[in-house]
1. Within the range 198-213, does at least one residue satisfy the condition of being over 23 Å from the mean Cα position of the chain (by Cα) and outside any helix (DSSP H, G or I)?
2. Every residue in the range 107-135 that is without any contact (Cβ under 8 Å) to a residue 24 or more places away in the chain and of a type outside the set (Gly, Ala, Ser), please.
3. Does Thr144 meet the test of being over 22 Å from the mean Cα position of the chain (by Cα) and open to solvent by 40 Å² or more (accessible area, probe 1.4 Å)?
4. Inspect all residues belonging to the range 96-103 and state whether any of them is closer than 30 Å to Ser189 by Cα, of a type in the set (Gly, Ala, Ser), modelled with pLDDT of 95 or more and within 25 Å of the chain's Cα centre (by Cα).
5. Go through the range 222-262 and report how many residues are in a loop (DSSP other than H, G, I, E, B) and either farther than 13 Å from Val197 by Cα or in contact with a Cys (Cβ under 9 Å, 6 or more places away or on another chain) (or both).
6. Going by the structure shown, is Asn270 open to solvent by 30 Å² or more (accessible area, probe 1.4 Å) and either touching a His at 6+ places or on another chain (Cβ under 6 Å) or free of Cβ contacts under 8 Å to residues at least 40 places away in the same chain (or both)?
7. In the range 227-281, what count of residues is obtained for those that are touching a helix residue (DSSP H, G or I) at 6+ places or on another chain (Cβ under 9 Å), modelled with pLDDT under 95 and of a type in the set (D, E, K, R)?
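The values are calculated or read from the model by the stated rules, or taken from the named source; none is laboratory data. Predicted model only: the values in this text are computed from it and were never measured. Using ideal geometry, Cβ is built from the backbone for each residue, glycine included, and neighbour counts are taken over all protein chains shown. Just so you know, the surface numbers come from the protein's heavy atoms only, side chains and all, with ligands and any DNA or RNA stripped out. Shrake-Rupley method; radii C 1.70, N 1.55, O 1.52, S 1.80 Å.
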Amino acid sequence: MTDEKYMDLALALAKKGIGFVNPNPLVGAVIVKNGKIIGQGWHEKYGGWHAERNALNNCSESPNDATMYVTLEPCCHYGKTPPCTEAILQNHIKKVVIGCLDPNSLVSGKGATILRESGVDVVTGILQDKCKELNEVFFHYIKTKTPYVVMKYAMTMDGKIATANGESKWITGQKARENVHKSRNQYSSIMVGVGTVFADNPSLTCRITGGRNPIRIICDTYLNTPIESTIVTTAKEVRTIIATASDYKEKYTPYLSNGCEILEIHLKDNHIDLNHLMQELGESGIDSIFLEGGSTLNFSALKSRIVNKVQAYIAPILFGGNLSKTPVGGVGIQEVSDCFHLKNQTITWFDKDILMEGEVDYTCLQESSKK
């Protein structure tokens with residue numbers, strides 16, 4: 001097998017940690033000796049052994065003089081576990097092939113340097129783009145200390161997320177909806193506005209076997225979330241944060257008694273300041289948000305430049321109607337040149353439905369503002 005094949009295997013192992021390691025990175029490792037795989041491992045859960053140590057612990061024979069393939073640069077500092085560079089050297093690994101370097105300032109090339117200076121043959125950049133894509137959340141969070149935000153919505157081919165009467169279940173088919181629950185498992189939290197709670201009374205949970213529920217975040221400027229809503233009544237079962245600008249403490253009592261957490265956020269333009277919210281959530285260890293809000297929150301999120309990626313599920317149906325809701329509302333933009341641009345687009349089919357994804361490119365807005 002080639003280096004790329006072994007790294008592909010390491011990537012597949014890394015994905016087994018999805019939903020369990022946040023805010024740590026997804027990492028997989030494969031150990032090869034004399035052309036045979038003798039050890040495999042991945043980062044299985046937050047606070048647990050890293051992929052390199054799990055692979056070493058799972059070796060079927062001595063890893064002395066073996067080659068290790070690892071998707072992310074081995075750590076070289078003490079955290080919840082000892083540095084992986086230490087374990088690699090103690091086990092006399094001869095060569096380490098690294099997918100991509102770690103942007104964490106505590107590592108950031110230092111791990112590879114330590115190995116090289118200790119006599120280990122180090123190769124970097126094997127399937128680098130795939131390895132970086134796997135940890136787009138971690139890379140963003142470690143650099144900005146704010147959550148990576150994915151804005152998701154399902155719409156018809158004429159751009160509607162609900163009928164004129166507000167009905168929206170179900171626009172897409174079963175397979176597309178199953179993929180949404182995989183995303184809920186993947187990201188640390190899920191966020192909606194209070195309008196969505198009033199309209200749909202959602203549970204915002206992950207309904208896949210072996211999955212885990214994301215932290216629920218409700219943007220509620222004036223703290224009007226219904227006490228009898230599913231979100232509030234199940235808050236002791238699923239961690240729930242209500243972000244509000246209301247400082248009327250007596251109003252907090254029924255929410256707190258039901259298990260909700262209240263997060264006070266600055267007021268901006270008569271709504272909670274989403275940038276302040278991102279800072280607070282990042283400081284609390286929340287590395288990612290799956291935004292399933294309504295059109296008003298979606299536009300506010302884009303305007304605040306907190307959205308990193310957009311996921312648009314498109315169903316081959318038409319609603320029509322001037323009153324039918326669209327995915328991005330608010331006041332909208334005034335000039336075509338001010339539009340939000342997407343880059344690195346991908347398309348995935350789920351039976352008859354299409355998932356279009358793209359990263360938001362805010363540099364285009366900066367360039368247009370200079371004209």
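1. Yes, there is a match, as at least one residue in the range 198-213 is over 23 Å from the mean Cα position of the chain (by Cα) and outside any helix (DSSP H, G or I).
2. Thr113, Arg116, Glu117, Asp129, Glu133
3. Taking the combined requirement at face value, the residue does not satisfy it.
4. yes
5. So the count comes out to 15.
6. Against the criterion (open to solvent by 30 Å² or more (accessible area, probe 1.4 Å) and either touching a His at 6+ places or on another chain (Cβ under 6 Å) or free of Cβ contacts under 8 Å to residues at least 40 places away in the same chain (or both)), Asn270 does not qualify.
7. 2
For every residue, the table says whether it meets (1) among the polar types (S, T, N, Q); (2) under 25 Å from the mean Cα position of the chain (by Cα); (3) open to solvent by less than 20 Å² (accessible area, probe 1.4 Å).
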| site | (1), (2), (3) |
| --- | --- |
| Ile114 | no, no, no |
| Val122 | no, no, yes |
| Gln128 | yes, yes, no |
| Phe138 | no, yes, yes |
| Met151 | no, yes, yes |
| Met157 | no, no, no |
| Gly166 | no, no, no |
